[in-house]
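**Student:** After the structure tokens below, expect a handful of questions from me.
Just so it is clear, none of the values below were taken in a lab; they were calculated from the coordinates. Every value quoted in this text rests on a predicted model; they were computed, and no experiment measured them. We place every Cβ from the backbone using ideal geometry, glycine too, and count neighbours over all the protein chains shown.
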Amino acid sequence: MIGSQAILAFHNSSGVPIAYTTPITSLSPSMQPGDLSFQVSNLKAEYSNGDMIIFATLHLTGSMISTNQVWQEGTMSGTSFNPHAMDSPNRASVGTINFENGATVAGTVRTSNEKNVHGVLNAVSWGVLMPMGIMIARYLKVFKVANPAWFYLHAACQSSAYIIGVAGWGTGLKLGGDSPGIKYTKHRNIGITLFCFATLQVLALLLRPKPDHKYRLYWNVYHHSIGYVTIVLSIVNIYEGFDILDPEKKWKKIYTGIIIFLGTITALLEVITWIIVLRKKKTISSDKHINGTNGYGA
């Protein structure tokens, strides 16, 4: 699990139990000895009656008095660790321990539920509603019959996405606060960036110049640029979340299918939009030519 502060024990080539620390920083960790985010001393391992026992003194900060713990076991190939099994007992071998009073809570129900809520809220808001809102603004406004309804649909869709997204962002902050030893730096930084961009977009709607204002062109460039960057970062971060949460593969496939569907619709609407725009330009050009030959224009 990325962000884990791991203490490992194994039999070396001489059959002697060895223990060491290593931080897990990627999905393919090197498992080389390294310092953790907190100090560990008096570290040793003993093997007795088929059980590997690790002894250590942990020098914890105040924020780590209560923390999550994960226990796993697996096989080795020479001096390399093989991935542990992913069946139900392995996935459920977690709990919370309070180092101040010694209380422990086994199981993952609460944390898993919070992670699932976080994932669903963000996938729906940033990954579905936000792109749909941009599609509405991009493609509906070319139809006269949709004016000004497209704007209100766009604003409603983006506002809903923002509210749900902020809720998802908040659950992410809480998950991070409840797990001080676990850090998903890239996922966290992209999430903060998305929150800032989305907040700027909401403020931009409130500060939107009138269509004939001299600064409206600059506002359009800013609003569109931030919007498209937000969509790209949203999709990237949702896939980061899939890698972290590691749900059943079908959920990642379902979301990928939704993105492909929206992408296909976008491509079709882009073609239709350009056809309409070019026809309008041709009509305007023809009208000018006709008026010019009849003496109504030059």
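**Student:** Once the Cα atoms of helix 130-139 and of the chain are each reduced to a long axis, what angle between those two axes, in degrees from 0 to 90 to the nearest 10, is obtained?
**Tutor:** Helix 130-139 sits roughly 20 degrees off the main axis of the chain.
**Student:** Follow-up. May I ask for the angle, rounded to the nearest 10°, between helix 249-293 and the longest principal axis of the chain, with both axes built from Cα atoms and the value confined to 0 to 90°?
**Tutor:** 20
**Student:** Oh, and also: Of all chymotrypsin sites (Phe, Trp or Tyr not before Pro) in region 205-289, which ones are in loop regions per DSSP and have a Cβ with at most 11 other Cβ atoms within 10 Å?
**Tutor:** Tyr215
**Student:** Quick check: the angle from helix 149-178's long axis to the longest principal axis of the chain, C-alpha only, nearest 10 degrees?
**Tutor:** Around 10 degrees separate the two axes.
**Student:** For n ≥ 4 DSSP H runs only, could you compute -39500 (n - 2.57) per run for the chain, divide by its residues and tell me the 222 nm figure to the nearest 500? Don't jump to the answer; show the numbers that get you there.
**Tutor:** Values: 7 runs with 157 residues, N = 298.
Dividing the helical sum by the residues of the chain leaves -18500 deg cm²/dmol.
**Student:** Which whole-number value in Å³ per residue fits the convex hull of the alpha carbons of region 5-106?
**Tutor:** Taking only Cα atoms, region 5-106 has a hull volume of 128 Å³ per residue.
**Student:** Let me ask something else. Please find, in a Gaussian network model of the chain (springs between Cα atoms separated by less than 10 Å), the residue of Val271, Val166, Val142 whose mean-square fluctuation is greatest.
**Tutor:** Ranking Val271, Val166, Val142 by mean-square fluctuation puts Val271 first.
**Student:** Loop-only check: which chymotrypsin sites (Phe, Trp or Tyr not before Pro) in region 127-174 are DSSP coil with at most 13 other Cβ within 10 angstrom?
**Tutor:** Phe143
**Student:** May I pose another question? To the nearest 20 Debye, how big is the dipole of region 109-287 about its Cα centre, given +1 on the beta carbon of each Lys and Arg and -1 on that of each Asp and Glu?
**Tutor:** Its charge dipole is roughly 500 debye.
**Student:** Straight-line reach from Lys183: which aspartates and glutamates have Cα under 19 Å away, leaving out those fewer than 8 places along the same chain?
**Tutor:** Answer for Lys183, where 19 Å is the Cα cut-off: Asp35, Glu114, Glu240, Asp243, Asp246, listed by chain and number.
**Student:** Turning to a different aspect of this structure: Which entries of Lys186/Lys249; Lys141/Lys210; Lys115/Lys141; Lys44/Lys115 have Cα-Cα distances beyond 26 Å here?
**Tutor:** Lys115/Lys141; Lys44/Lys115
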